[in-house]
Amino acid sequence: MKLWDYINSGKVYMIAEMSANHGGSIEKAFEIVEAAAKAGADCVKVQTYTADTITIDSDAPAFQIHGGLWDGYNLHDLYKEAYTPWEWMEPIKKKCEECGVDFLSSPFDPTAVDYLENIGIEAYKIASFEAVDIPLVRYIASKHKPIIMSVGMATEEEIREALDAIHSQGNDQVAILKCCNVYPTVSSDLNLKTIPDMIQKFNVPVGLSDHSMGYAAAVGAAALGARVIEKHFCISREYKTADSAFSMEPSEYKSMVENVRAVTTALGTIHYGPTDNELSSGEYGDRRSLFAVEDIKEGEEITTVNVRSIRPNAGLKPKYLDDILGKKAKADIKRGTPMAFELIE
């Protein structure tokens, strides 16, 4: 499992969320795993629920969706359409292993946790809406596997309650993801500046579960210290599913991975002065220094006419000009000679 090695090394762990994008076809699910691996994902994630484990079949007003991508749906009908059959989990996990990516799933009730334990799950994802289900969070944590928990809509108090529930089970392997549960998310709702604040407040690795279009938010999050990026992944948005409208296609995901890797490399470490590459490239030698720009006779006064700050970097630093002005040359100094204190009386 790459998850904790990546987080501890400072790399960004890239999750491709399959969700409903298989469209009810296990062959499509396998295709998504293969494409995600080729696009640079470290992990493919699915969701483990059925319509009956996540809600009930009811036409009461509370169970109707109003507005947004799924306007008009009954919750039970939506989840029945979008779910991944549990008997697919183990074959998808094996396909992930074949493709060299991790397998991750979000369980939505204790029976899903038990099922995932039986197939050898190595880590868990907790979805934003389930982060407030403290008994479920505690049960997942009791399995002592790494946990990635989205905390969309959660207050500081709710995040602390969920983390306390995990820690109460002796489980300290947890990362939390900034998230906005609007599909797709508009940029003004992302509030990425929260990420460094979360790192400081909660003292755990922090990432981003991103439902916005494109990858600008993912790159920005990585620059702010995110250690996990989760994005929905599909083969093509033309293949319509419950989640395809806000999912990334393979070429887009590949570009995101490349840009996230580039920005995390660019962050580097805190460093002042020339880098090794600057020194080896010779560019450091193009800094300014003090040179004789005219022939100077022995005993002649050093002035701003016969000594100037020019490129390259071979003589005294320019800051020493005032120290040598008005002093005499110890010997003849030829034009083009880098100035040194040894040349001055």
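Brief remarks follow.
- Just so you know, in the range 301-327 the residues that are of a type outside the set (A, V, I, L, M, F, W, C) and in contact with a helix residue (DSSP H, G or I) (Cβ under 9 Å, 6 or more places away or on another chain) include one that is least open to solvent (accessible area, probe 1.4 Å), and it is S309.
- Which numbered condition K254 fails, given (1) open to solvent by less than 40 Å² (accessible area, probe 1.4 Å); (2) modelled with pLDDT of 95 or more; (3) not in a loop (DSSP other than H, G, I, E, B): (1)
- Here K330 meets each of (1) closer than 26 Å to E278 by Cα; (2) exposed (fewer than 14 other Cβ atoms within 10 Å of the Cβ) with one exception, condition (1).
- Within the range 218-245, the set of residues being in a helix (DSSP H, G or I), open to solvent by less than 10 Å² (accessible area, probe 1.4 Å) and within 27 Å of P146 (Cα to Cα) comprises A218, A221, A222.
- Flag for A82 being of a type in the set (A, V, I, L, M, F, W, C) and at pLDDT 95 or above: no
- Here the range 38-67 is the region considered, the condition is being among the small types (G, A, S) and surrounded by 12 or more Cβ atoms within 10 Å (Cβ to Cβ), and the residue that is farthest from H22 (Cα to Cα) is S58.
- Residues considered: L192, L208. Of these, the only one that is surrounded by 24 or more Cβ atoms within 10 Å (Cβ to Cβ) and either of a type in the set (G, A, S) or not in a helix (DSSP H, G or I) (or both) is L208.
- Given (1) out of contact with any Ser or Thr (no Cβ under 6 Å at 6 or more places or on another chain); (2) farther than 21 Å from M153 by Cα, index of the condition A221 fails: (2)
- S142 more than 21 Å from G220 (Cβ to Cβ) and exposed (fewer than 15 other Cβ atoms within 10 Å of the Cβ): no
- Of all the criteria given as (1) assigned to a helix (DSSP H, G or I); (2) under 30 Å from A82 (Cα atoms), the one not satisfied by N259 is (2).
- Test result for A29, among the hydrophobic types (A, V, I, L, M, F, W, C), outside any loop (DSSP other than H, G, I, E, B) and in contact with a His (Cβ under 6 Å, 6 or more places away or on another chain): yes
- For the range 294-324, the set of residues classified as under 28 Å from G273 (Cβ atoms) and assigned to a loop (DSSP other than H, G, I, E, B) consists of R311, P312, N313, A314, G315, L316, K317, listed by residue number.
- Screening the range 71-170 for helices (runs of 4 or more DSSP H) wholly inside it with 1 or more residues that are within 22 Å of the chain's Cα centre (by Cα) returns the ranges 89-99, 156-167.
The values are calculated or read from the model by the stated rules, or taken from the named source; none is laboratory data. Since the structure is predicted, the reported quantities are computational estimates derived from the model, not experimental observations. Backbone-built Cβ (ideal geometry, glycine too); neighbour counts: all protein chains shown. We work out accessible area using only protein heavy atoms, side chains counted, and drop any ligands, DNA or RNA first. Shrake-Rupley method; radii C 1.70, N 1.55, O 1.52, S 1.80 Å.
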